[in-house]
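Trainee: What follows is a structure written as structure tokens; I'll ask about it next.
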Amino acid sequence: MSELAILGGPKTRTEPYPAWPVWDQRDIDAVTEVIKSGRWGGYPYPGPKTAELARKFSEMQGGGYAVPMINGTVTMEVALRAAGIGWGDEVIVPAYTFQATASAPMGAGAIPVIVDVDPSTYCLDAKAAEKAITPKTKAIIPVHLGSNMADMDAIMALARSAKHNLIVIEDCAHAHGAKWNGRGAGTIGHFGSFSLQSSKTLTSGEGGILLCKSAEHAALAASVIDCGRPHALGGGGEDANGLAVQGGNFRMSEMQSALALVGIERFPEQAKQREAMAAYMDEALSEIPGVRVLKRDERHTTRSFYRYIFAIDPQEFGMEHDILCGALDAEGIDCWTGYNAMHKYDLFQPQKSKLAVPNAFPEYFDFKNMNLPEATRACEHEAVWLDEAIFREGPKGVDDAIAAIKKIQAHVKELNEAAEELRNQYGR
Ligand SMILES: Cc1ncc(COP(=O)(O)O)c(C=O)c1O
């Protein structure tokens, strides 16, 4: 019998990793209090729990005016709308990210311009962004991906240059608590967008928070998510219906805010452990031939992350990343090959969708002729995304993952012989 779990052998790990989200009596009490108060929803905005969440979250990240809302996609659309960016404007996004980073500009009527990532971090490459700037470019959305941060010094220098003067929206869906040069993710650009969706390291089940550098932007954002109702500093006065801007209902509810507030109490301890265990993982992985630990930039002063990503060199490691991930999963190590590169998203293509932006500007969606080698290599061959629970368990969680990787590599020949059948069985 094979020693590999994916080929019928024993698993490295039989116990599941700890579940997420974690909860205790505090969560039950917090939601119960909201239920008993009768103030469940987000109207009038913000409710008391939501106002408290806004205060505590900006304290946690170290700055900005926080505007809680329904998710971490709308946050980016709202940021663009608050900044006056819309129809036909170009917004630069990285090729290796969740589809939301490109969908959000389209929600605001803007065109996502996809650029390649830096292979050392898999985050937006500032040089590629610079090359993509045209007179129509209005914003850049760097994503702090997995366990890394985009080079915020280079991106801010580019955005601030008198020639360009661009808005920067940091997509921090993976970077709650992370810091760059001691400054919190999301407080460096004009806006920071956070997701509180259930898998994220701070969660309210669903939810999002937009951090705004300026009070004006925050007030406009609050109006956009509150059906256009004027909020302090909303700007521009009101129309005949008493509305400040065209908006919709994207308000966060009081129950969600109550859960996020308990999550903030737990967060510092969890982040500390995650950071220590990521360093432990870096060291252990760096000894495995064919594994490339992604670069921890020295300016990335606090690493608080959502998924830990490393890369393999398929030639040197001995197999492609999909085979490694399939085998790791079977060994009981929760992992994934990661996102598809953005130009592989068929549904953004004009001939497949009725989305307004791709149909109005099809020349930007000629994906077949886009050359994005780094994102393509990451998504098709190299990247391995390890689940955060591996780190939350402590050293044993990491040791098990390392033992499984070594075990799989020791059986490279056997696995490669079965690769075709495994791909048929499990898909990508
Ligand atoms: C990089 C990135 N941006 C944005 C989002 C969107 O967040 P939400 O699911 O809260 O809309 C996610 C969520 O998975 C994400 O991973």
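Trainee: Before anything else, pin down the relative contact order of the chain: Cα pairs under 8 Å, at least 6 apart, normalised by residue count, whole percent.
Mentor: Reported relative contact order: 20 percent.
Trainee: Then there is this: Accessible surface of GLU363 in the full protein assembly, 1.4 angstrom probe, to the nearest 10 Å²?
Mentor: Surface open to solvent at GLU363 totals about 120 Å².
Trainee: Let me ask you something else. Placing unit charges on C-beta atoms (Lys and Arg positive, Asp and Glu negative, everything else neutral), compute the dipole magnitude of region 279-405 about its Cα centre in debye, rounded to 20.
Mentor: 620 debye
Trainee: Taking R0 as 25 Å, what's the FRET efficiency between LEU243 and GLU216 from their Cβ-Cβ distance, rounded to 0.05?
Mentor: E(calc), rounded to 0.05, equals 0.90.
Trainee: Let me ask something else. Mind listing the Cα extents of the chain along all three principal axes, in Å, largest one first?
Mentor: Answer, in whole Å and largest first: 76, 54, 40 Å.
Trainee: For region 1-152, what is one quarter of the convex hull surface built on the Cα atoms, given in nm²?
Mentor: 14.4 nm²
Trainee: Also, quick follow-up: Taking the highest mean first, how do the peptides 105-115, 80-90 order by number of other beta carbon atoms within 10 angstrom per residue?
Mentor: Packing order, densest peptide first, comes out as 105-115, 80-90.
Trainee: Which of GLY332, GLY63, GLY248 ends up with the largest GNM mean-square fluctuation for the chain, with Cα atoms connected below 10 Å?
Mentor: Checking each option, the largest mean-square fluctuation is seen for GLY248.
Trainee: Using the charge dipole of region 274-428 (Lys, Arg: +1 at Cβ; Asp, Glu: -1 at Cβ; taken about the Cα centre), state which of PRO373, LEU386, PHE348 has its Cα farthest towards the positive end.
Mentor: Checked the options; the winner is PHE348.
Trainee: Which of the trypsin sites (Lys or Arg not before Pro) found in region 305-363 are in a DSSP loop and have at most 13 neighbouring Cβ atoms, other than their own, within 10 Å?
Mentor: Sites meeting the loop and neighbour criteria: LYS352, LYS354.
Trainee: Tally Lys and Arg at +1 and Asp and Glu at -1 over the other residues with C-beta under 14 Å from the C-beta of GLY64: what net charge comes out?
Mentor: Result for the neighbourhood of GLY64: +2.
Trainee: Could you tell me which of the pairs LYS49/LYS272; LYS56/LYS272; LYS56/LYS179; LYS11/LYS272 are separated by over 23 angstrom between their Cα atoms in the structure shown?
Mentor: Violating the 23 Å limit, Cα to Cα: LYS49/LYS272; LYS11/LYS272.
Trainee: Right, here's the next one. From the helices alone, meaning DSSP H stretches of at least four residues, give me the mean residue ellipticity at 222 nm for the chain, per-run term -39500 (n - 2.57), in deg cm²/dmol to the nearest 500.
Mentor: -11500 deg cm²/dmol, from helical runs alone.
Trainee: On to the next question. Find the relative contact order for region 210-329 and round it to a whole percent, using C-alpha pairs within less than 8 Å whose residues are 6+ positions apart.
Mentor: So the answer I get is 15 percent.
Trainee: Any chance you could run the full-extension gain for LYS344 through LYS295? It's 0.36 nm times the residue separation minus the Cα-Cα distance, nm to one decimal.
Mentor: Going from the current span to full extension adds 15.1 nm.
Trainee: If you take every residue apart from LYS213 with its C-beta less than 15 Å away from the C-beta of LYS213, what net charge results, scoring Lys and Arg +1 and Asp and Glu -1?
Mentor: Local net charge: 0.
Trainee: Follow-up question, since we're still on this one. Could you work out the local net charge near ASP118, counting Lys and Arg as +1, Asp and Glu as -1, over the other residues with Cβ closer than 14 Å to its Cβ?
Mentor: Charge balance near ASP118 sits at -1.
Trainee: Between GLN273 and SER286, how many nm apart are label points set 7 Å from Cα along the C-beta direction?
Mentor: Rounded to a tenth, the inter-label distance reads 2.5 nm.
Trainee: Shifting gears a bit: Treating only the Cβ of Lys, Arg, Asp and Glu as charged (+1, +1, -1, -1), what charge dipole size does the chain show about its Cα centre? Round to the nearest 20 debye.
Mentor: 1100 debye
The values are calculated or read from the model by the stated rules, or taken from the named source; none is laboratory data. What you are looking at is a predicted structure, and each value in this text was computed from that prediction instead of being measured. Cβ: placed from backbone, ideal geometry, glycine included. Neighbour counts: every protein chain shown. For the accessible areas, the whole protein counts, side chains as well, though only heavy atoms, and no ligand, DNA or RNA atoms are used. Shrake-Rupley method; radii C 1.70, N 1.55, O 1.52, S 1.80 Å.
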